[in-house]
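What follows is calculated from the coordinates using simple rules that are stated; it is not laboratory data. Note that the structure is a prediction, hence the values are computed from the model and not measured. Positions of Cβ are backbone-derived with ideal geometry, glycine not excepted, and every protein chain shown enters the neighbour counts.
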Amino acid sequence: MKAFFGTYAKACRVADELLFRAGDATAIDEACKRSPIGKLLPDDLYVHRSALDHLEPLLRIYEGCGRAYLGEVEGANLIKIHRRSGKLSYLIYPDFETDPHPALERCVRLSLRTRALDCYDYNESANPPILHRKETFLHPAHALRAKFARLTQQEEAAGLLADPAHIGTRTAWLARLQEKGLTLRGHRLIKASPCTMAAPSFEKQ
């Protein structure tokens, strides 16, 4: 502590300042924008659970406030940091590593400002939200990042990821694959045979 802060009092002061800044929406938004980790969207930053420790301290504290209130959300492997609304969402994708486009099973959303809690269950849904570009949620050194990135490159080259607003659910994605005459075998994109055109394969590898 002396090496990094000089005194215990200074360490406490720095910690208090960071904690209070975690309640500043502008500070959180700026931290999300400069984060080299995670998938940045206009309103949110998505980060895989394994990459949380690589976020800058302010974002780790912000997310830690959510876990301090909720405890560990069982199975949550993707964290959605809402950039300006003071919220955190814990997303459960049971097949994140094995399914090329895993389906969302459950979402737990917490407002750090009001402590309001919302839960959304997609387990019985016939058309759940799914993920694309899985590598973007991971730390660059993650063992699976290169494998996921190769699939994304194949899908981009095939024009599958154009107009992303219309491929965010399982049904829409399968329709896009069928339209292009393609299917998936594990994390590989292949031409669909006539017998698979009606039902693209999601065999996990």
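Worth a mention:
- Prolate/oblate/rounded label for segment 13-78 (Cα gyration tensor, a/c 1.5): oblate
- Linear extension gain, Arg60 paired with Asp43, 0.36 nm per residue minus alpha-carbon span: 4.3 nm
- Entries in Lys134/Lys191; Lys39/Lys147; Lys80/Lys134; Lys33/Lys147 that, when Cα-Cα distance is taken, lie over 20 Å: Lys134/Lys191; Lys33/Lys147
- With θ taken as phi - 60° and the Karplus curve 6.51 cos²θ - 1.76 cosθ + 1.60 applied, the whole-hertz 3J(HN,Hα) list for segment 89-105 is 10, 10, 10, 10, 10, x, 10, 4, 7, 9, 8, x, 9, x, 8, 6, 8 Hz, x standing for glycine and proline.
- Distance from the C-alpha centroid of segment 75-150 to that of segment 25-42: 17 Å, rounded to the whole angstrom.
- Annotation: amide H of Leu182 within the under-5 Å range of Ala192, sequence separation 5 or more or interchain, hydrogens built in the peptide plane.
- Here segment 73-101 is scanned for amide nitrogen atoms under 15 Å from the site 7 Å beyond the Cα of Asp121 along Cα-to-Cβ, giving 74, 92.
- Under 5 Å from the amide H of Leu160 lies no amide H of any residue 5 or more positions distant or on a separate chain, with H modelled from the backbone and absent for Pro and chain starts.
- Sorting the segments 118-131, 60-73 by their residues' average number of neighbouring beta-carbon atoms within 10 angstrom, most packed first, yields 60-73, 118-131.
- Dipole in debye (nearest 20) - segment 59-205, about Cα centre, beta carbon charges: Lys, Arg +1; Asp, Glu -1: 500
- Under the shape rule built on the C-alpha gyration tensor, where the axes satisfy a ≥ b ≥ c, the chain is prolate, since a/c reaches at least 1.5 and a/b is greater than b/c.
- In this structure the amide hydrogen of Ala103, modeled in the peptide plane, comes within under 5 Å of the amide hydrogens of Asp95, none closer than 5 places in sequence on its chain.
- Positive contributions from Lys and Arg (+1) and negative ones from Asp and Glu (-1), summed over other residues with Cβ under 13 Å from the Cβ of Gly168, come out at +2.
- Between helix 57-70 and the chain there is an angle of about 80 degrees, using the helix long axis and the longest principal axis of the Cα atoms.
- Every Cα-Cα pair of segment 50-168 was included, and the share exceeding 21 Å stands at 45 percent.
- Dipole of the chain [Lys/Arg +1, Asp/Glu -1 at C-beta], most positive-end residue of Cys65, Tyr46, Ala146: Ala146
- Derived scalar couplings ³J(HN,Hα) [segment 172-182; Karplus, 6.51 cos²θ - 1.76 cosθ + 1.60; whole Hz; x for Gly, Pro]: 5, 5, 4, 5, 5, 4, 5, 4, 8, x, 10
- Compared with the dominant principal axis of the Cα atoms in the chain, helix 25-34 is inclined by about 60°.
- Helix 145-157 axis, angle to the chain major axis (alpha carbon atoms, nearest 10°): 50
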